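The values are calculated or read from the model by the stated rules, or taken from the named source; none is laboratory data. Fair warning: this is a prediction, and the values are worked out from it, not measured in the lab. Cβ placement follows ideal geometry from the backbone for every residue including glycine, while neighbour counts extend to all protein chains displayed. Note: areas computed on protein heavy atoms with side chains; ligands, DNA, RNA excluded. Shrake-Rupley method; radii C 1.70, N 1.55, O 1.52, S 1.80 Å.
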Amino acid sequence: METTASIKERLQQAETLEPWMEDLKDDSRKSVQQALASWQRRYDKKLILLRRLEEKQAFDRQFKEQNHSLVCGIDEAGRGPLAGPVVTAAVILPEDCSAFIGLDDSKVISKVKRNELAQLIKEQAISWSVHIQPPEAIDRLNIYQATKQSMEAAANSLATAPDVVLADAMKLTVAIPSEAIIKGDAKSLCIAAASILAKTGRDDLMDEYAQLYPQYGFSKHAGYGTKEHLTALDTHGPCPIHRKTFEPVKSMVR
(Lines give C-alpha, C1' and ligand atoms only; values in the text may rest on other atoms or scores of the structure.)
Protein backbone atom coordinates (compact mmCIF):
# COMPACT_ATOMS: atom_id res chain seq x y z
CA MET A 1 0.00 0.00 0.00
CA GLU A 2 1.29 3.45 -0.92
CA THR A 3 2.26 5.54 2.07
CA THR A 4 0.36 8.68 3.04
CA ALA A 5 3.54 10.73 2.60
CA SER A 6 3.91 9.49 -0.97
CA ILE A 7 0.27 10.25 -1.76
CA LYS A 8 0.60 13.76 -0.32
CA GLU A 9 3.67 14.36 -2.48
CA ARG A 10 1.85 13.20 -5.61
CA LEU A 11 -1.11 15.44 -4.78
CA GLN A 12 1.20 18.36 -4.18
CA GLN A 13 2.64 17.97 -7.66
CA ALA A 14 -0.67 17.37 -9.44
CA GLU A 15 -1.99 20.31 -11.46
CA THR A 16 -5.25 18.75 -12.64
CA LEU A 17 -7.58 15.84 -11.97
CA GLU A 18 -5.95 12.51 -12.74
CA PRO A 19 -7.46 8.99 -12.91
CA TRP A 20 -5.46 7.67 -9.93
CA MET A 21 -7.21 10.17 -7.67
CA GLU A 22 -10.47 8.27 -8.06
CA ASP A 23 -8.91 5.31 -6.25
CA LEU A 24 -8.06 7.53 -3.31
CA LYS A 25 -11.75 8.06 -2.62
CA ASP A 26 -11.96 4.43 -1.48
CA ASP A 27 -8.90 4.66 0.77
CA SER A 28 -10.01 4.16 4.37
CA ARG A 29 -7.19 6.21 5.88
CA LYS A 30 -8.38 9.50 7.34
CA SER A 31 -5.08 11.19 6.52
CA VAL A 32 -5.50 10.30 2.83
CA GLN A 33 -9.04 11.65 2.74
CA GLN A 34 -7.89 14.88 4.37
CA ALA A 35 -5.06 15.24 1.85
CA LEU A 36 -7.44 14.61 -1.04
CA ALA A 37 -9.98 17.13 0.30
CA SER A 38 -7.23 19.71 0.73
CA TRP A 39 -6.09 19.19 -2.85
CA GLN A 40 -9.67 19.45 -4.10
CA ARG A 41 -10.13 22.81 -2.34
CA ARG A 42 -6.94 24.16 -3.89
CA TYR A 43 -7.99 22.87 -7.29
CA ASP A 44 -11.48 24.40 -7.04
CA LYS A 45 -9.96 27.74 -6.05
CA LYS A 46 -7.60 27.55 -9.02
CA LEU A 47 -10.54 26.93 -11.37
CA ILE A 48 -12.34 29.99 -10.00
CA LEU A 49 -9.24 32.15 -10.48
CA LEU A 50 -8.76 30.75 -13.98
CA ARG A 51 -12.35 31.58 -14.89
CA ARG A 52 -11.92 35.13 -13.60
CA LEU A 53 -8.72 35.47 -15.61
CA GLU A 54 -10.49 34.34 -18.76
CA GLU A 55 -13.38 36.74 -18.12
CA LYS A 56 -11.00 39.69 -17.74
CA GLN A 57 -9.12 38.71 -20.89
CA ALA A 58 -12.39 38.41 -22.79
CA PHE A 59 -13.34 41.90 -21.61
CA ASP A 60 -10.10 43.31 -23.00
CA ARG A 61 -10.41 41.44 -26.30
CA GLN A 62 -13.70 43.13 -27.15
CA PHE A 63 -11.76 46.37 -27.68
CA LYS A 64 -9.47 44.81 -30.29
CA GLU A 65 -10.23 45.64 -33.92
CA GLN A 66 -7.92 42.83 -35.03
CA ASN A 67 -6.47 39.78 -33.29
CA HIS A 68 -3.01 41.34 -33.12
CA SER A 69 -4.23 44.68 -31.74
CA LEU A 70 -2.54 45.76 -28.51
CA VAL A 71 -4.69 46.83 -25.57
CA CYS A 72 -3.17 49.02 -22.87
CA GLY A 73 -4.58 49.29 -19.35
CA ILE A 74 -4.02 52.35 -17.18
CA ASP A 75 -4.73 52.90 -13.50
CA GLU A 76 -3.61 55.08 -10.60
CA ALA A 77 -2.80 54.88 -6.93
CA GLY A 78 -2.94 57.71 -4.46
CA ARG A 79 -5.72 60.10 -5.40
CA GLY A 80 -7.08 60.31 -1.86
CA PRO A 81 -4.09 60.66 0.49
CA LEU A 82 -3.06 63.86 2.24
CA ALA A 83 0.58 63.33 1.33
CA GLY A 84 2.75 61.92 -1.41
CA PRO A 85 2.39 61.62 -5.17
CA VAL A 86 -0.19 60.11 -7.44
CA VAL A 87 1.39 57.19 -9.27
CA THR A 88 -0.04 55.90 -12.54
CA ALA A 89 0.92 52.89 -14.60
CA ALA A 90 0.27 51.70 -18.14
CA VAL A 91 0.56 48.03 -19.12
CA ILE A 92 0.26 46.05 -22.35
CA LEU A 93 -0.02 42.36 -21.52
CA PRO A 94 0.96 39.51 -23.86
CA GLU A 95 -1.64 37.34 -25.56
CA ASP A 96 -0.68 34.40 -23.37
CA CYS A 97 -1.59 35.46 -19.84
CA SER A 98 -1.69 32.00 -18.27
CA ALA A 99 0.99 33.04 -15.79
CA PHE A 100 -1.26 35.75 -14.38
CA ILE A 101 -3.77 33.55 -12.53
CA GLY A 102 -4.90 35.53 -9.48
CA LEU A 103 -4.26 38.93 -11.08
CA ASP A 104 -6.96 41.29 -9.84
CA ASP A 105 -7.59 44.80 -8.55
CA SER A 106 -4.65 45.67 -6.29
CA LYS A 107 -7.01 46.56 -3.43
CA VAL A 108 -8.17 42.95 -3.03
CA ILE A 109 -4.72 41.33 -3.15
CA SER A 110 -2.26 40.97 -0.27
CA LYS A 111 0.96 42.99 -0.27
CA VAL A 112 3.07 39.86 -0.77
CA LYS A 113 0.98 38.76 -3.75
CA ARG A 114 1.00 42.30 -5.21
CA ASN A 115 4.78 42.36 -5.13
CA GLU A 116 5.01 38.93 -6.76
CA LEU A 117 2.60 39.99 -9.50
CA ALA A 118 4.40 43.30 -10.04
CA GLN A 119 7.64 41.47 -10.75
CA LEU A 120 5.87 39.03 -13.08
CA ILE A 121 4.16 41.86 -14.97
CA LYS A 122 7.45 43.67 -15.48
CA GLU A 123 9.04 40.48 -16.77
CA GLN A 124 6.28 39.37 -19.13
CA ALA A 125 4.44 42.51 -20.29
CA ILE A 126 4.93 43.61 -23.88
CA SER A 127 5.45 47.10 -22.49
CA TRP A 128 4.88 48.94 -19.22
CA SER A 129 5.53 52.37 -17.76
CA VAL A 130 5.05 54.19 -14.47
CA HIS A 131 4.59 57.93 -14.01
CA ILE A 132 4.93 59.82 -10.73
CA GLN A 133 2.91 63.01 -10.28
CA PRO A 134 4.38 64.96 -7.35
CA PRO A 135 2.37 66.78 -4.67
CA GLU A 136 3.37 70.15 -6.15
CA ALA A 137 1.63 69.31 -9.42
CA ILE A 138 -1.43 68.05 -7.56
CA ASP A 139 -1.69 71.37 -5.71
CA ARG A 140 -1.16 73.36 -8.89
CA LEU A 141 -3.53 71.46 -11.18
CA ASN A 142 -6.07 69.86 -8.75
CA ILE A 143 -6.20 66.12 -8.16
CA TYR A 144 -8.39 65.28 -11.15
CA GLN A 145 -6.26 67.09 -13.72
CA ALA A 146 -3.03 65.91 -12.13
CA THR A 147 -4.20 62.30 -12.31
CA LYS A 148 -5.40 62.70 -15.90
CA GLN A 149 -2.10 64.20 -17.03
CA SER A 150 -0.18 61.47 -15.22
CA MET A 151 -2.21 58.75 -16.93
CA GLU A 152 -1.61 60.37 -20.31
CA ALA A 153 2.12 60.61 -19.58
CA ALA A 154 2.22 56.92 -18.66
CA ALA A 155 0.47 55.99 -21.91
CA ASN A 156 2.83 58.15 -23.97
CA SER A 157 5.90 56.66 -22.25
CA LEU A 158 5.27 53.09 -23.41
CA ALA A 159 8.10 51.69 -25.53
CA THR A 160 5.52 49.92 -27.70
CA ALA A 161 2.50 51.92 -28.85
CA PRO A 162 -0.87 50.28 -28.15
CA ASP A 163 -3.86 50.31 -30.47
CA VAL A 164 -6.35 51.21 -27.75
CA VAL A 165 -6.12 52.48 -24.19
CA LEU A 166 -8.45 51.43 -21.37
CA ALA A 167 -8.26 53.77 -18.39
CA ASP A 168 -9.91 53.15 -15.04
CA ALA A 169 -12.74 55.70 -14.78
CA MET A 170 -10.89 58.43 -16.68
CA LYS A 171 -11.38 59.80 -20.19
CA LEU A 172 -7.94 60.56 -21.57
CA THR A 173 -6.74 62.89 -24.29
CA VAL A 174 -4.27 60.76 -26.23
CA ALA A 175 -3.50 60.22 -29.90
CA ILE A 176 -5.00 56.72 -29.97
CA PRO A 177 -8.53 55.48 -29.23
CA SER A 178 -9.27 55.37 -25.52
CA GLU A 179 -12.09 54.25 -23.27
CA ALA A 180 -12.96 55.17 -19.69
CA ILE A 181 -13.93 51.98 -17.87
CA ILE A 182 -15.89 52.31 -14.63
CA LYS A 183 -14.49 49.86 -12.07
CA GLY A 184 -12.01 48.87 -14.75
CA ASP A 185 -9.58 47.29 -12.30
CA ALA A 186 -12.23 44.65 -11.53
CA LYS A 187 -13.26 44.07 -15.16
CA SER A 188 -10.09 44.35 -17.23
CA LEU A 189 -6.94 42.26 -16.92
CA CYS A 190 -4.64 44.95 -18.29
CA ILE A 191 -6.13 47.63 -16.00
CA ALA A 192 -5.73 45.25 -13.05
CA ALA A 193 -2.08 44.83 -14.04
CA ALA A 194 -1.67 48.60 -14.16
CA SER A 195 -3.28 48.91 -10.72
CA ILE A 196 -0.67 46.49 -9.34
CA LEU A 197 2.26 48.48 -10.73
CA ALA A 198 0.77 51.79 -9.59
CA LYS A 199 0.05 50.52 -6.07
CA THR A 200 3.39 48.77 -5.51
CA GLY A 201 5.28 51.69 -7.03
CA ARG A 202 3.58 54.19 -4.75
CA ASP A 203 3.97 52.01 -1.67
CA ASP A 204 7.71 51.78 -2.33
CA LEU A 205 7.92 55.57 -2.61
CA MET A 206 6.00 56.09 0.61
CA ASP A 207 8.34 53.66 2.38
CA GLU A 208 11.22 55.86 1.23
CA TYR A 209 9.44 58.97 2.48
CA ALA A 210 8.91 57.21 5.80
CA GLN A 211 12.68 57.15 6.20
CA LEU A 212 12.94 60.87 5.43
CA TYR A 213 10.00 61.88 7.63
CA PRO A 214 9.70 59.14 10.27
CA GLN A 215 7.40 61.18 12.53
CA TYR A 216 4.38 60.67 10.22
CA GLY A 217 4.33 56.87 9.83
CA PHE A 218 4.00 56.94 6.03
CA SER A 219 4.96 53.26 5.70
CA LYS A 220 1.86 52.33 7.73
CA HIS A 221 -0.83 54.48 6.06
CA ALA A 222 0.79 55.61 2.78
CA GLY A 223 -0.27 59.20 3.41
CA TYR A 224 -3.99 58.57 3.88
CA GLY A 225 -5.83 60.49 6.57
CA THR A 226 -5.76 57.89 9.32
CA LYS A 227 -6.07 58.81 12.98
CA GLU A 228 -2.34 58.23 13.44
CA HIS A 229 -1.52 60.50 10.48
CA LEU A 230 -3.84 63.28 11.63
CA THR A 231 -2.34 63.14 15.12
CA ALA A 232 1.16 63.46 13.64
CA LEU A 233 0.00 66.42 11.55
CA ASP A 234 -1.35 68.17 14.65
CA THR A 235 1.92 67.53 16.48
CA HIS A 236 4.47 68.27 13.79
CA GLY A 237 2.62 70.23 11.13
CA PRO A 238 2.90 69.37 7.42
CA CYS A 239 6.12 68.30 5.71
CA PRO A 240 7.25 69.00 2.10
CA ILE A 241 5.30 66.06 0.60
CA HIS A 242 1.94 67.02 2.12
CA ARG A 243 -0.68 68.28 -0.33
CA LYS A 244 -1.31 71.91 0.54
CA THR A 245 -4.73 72.01 -1.14
CA PHE A 246 -6.08 69.05 0.86
CA GLU A 247 -7.72 69.59 4.24
CA PRO A 248 -6.69 69.67 7.03
CA VAL A 249 -3.27 70.53 5.57
CA LYS A 250 -4.77 73.48 3.67
CA SER A 251 -5.87 75.16 6.91
CA MET A 252 -2.47 74.59 8.48
CA VAL A 253 -0.49 76.38 5.78
CA ARG A 254 -2.65 79.49 5.44
Hey, among the residues in the range 128-171 that are more than 24 Å from residue 183 (Cβ to Cβ) and not in a helix (DSSP H, G or I), which one's nearest to the chain's Cα centre (by Cα)? 132
Say whether the condition of being out of contact with any Phe, Trp or Tyr (no Cβ under 6 Å at 6 or more places or on another chain), surrounded by 15 or more Cβ atoms within 10 Å (Cβ to Cβ) and under 23 Å from residue 47 (Cα atoms) is met by at least one residue in the range 126-141. no
Just one of the numbered conditions (1) without any contact (Cβ under 8 Å) to a residue 60 or more places away in the chain; (2) in contact with a strand residue (DSSP E or B) (Cβ under 8 Å, 6 or more places away or on another chain) is not true of residue 116; which one? (2)
Flagged pairs (Cβ under 6 angstrom, 6 or more apart or on separate chains; first in the range 120-138, farther than 11 Å from residue 90 by Cα; second among the charged types (D, E, K, R) and open to solvent by less than 10 Å² (accessible area, probe 1.4 Å)) are 135/243; 138/243
The correct count of residues that are open to solvent by 20 Å² or more (accessible area, probe 1.4 Å) and either out of contact with any Ser or Thr (no Cβ under 7 Å at 6 or more places or on another chain) or under 14 Å from residue 134 (Cα atoms) (or both) in the range 149-165 is 4
Of all residues in the range 174-191 being in a strand (DSSP E or B) and aliphatic (A, V, I, L, M), which is most open to solvent (accessible area, probe 1.4 Å)? 180
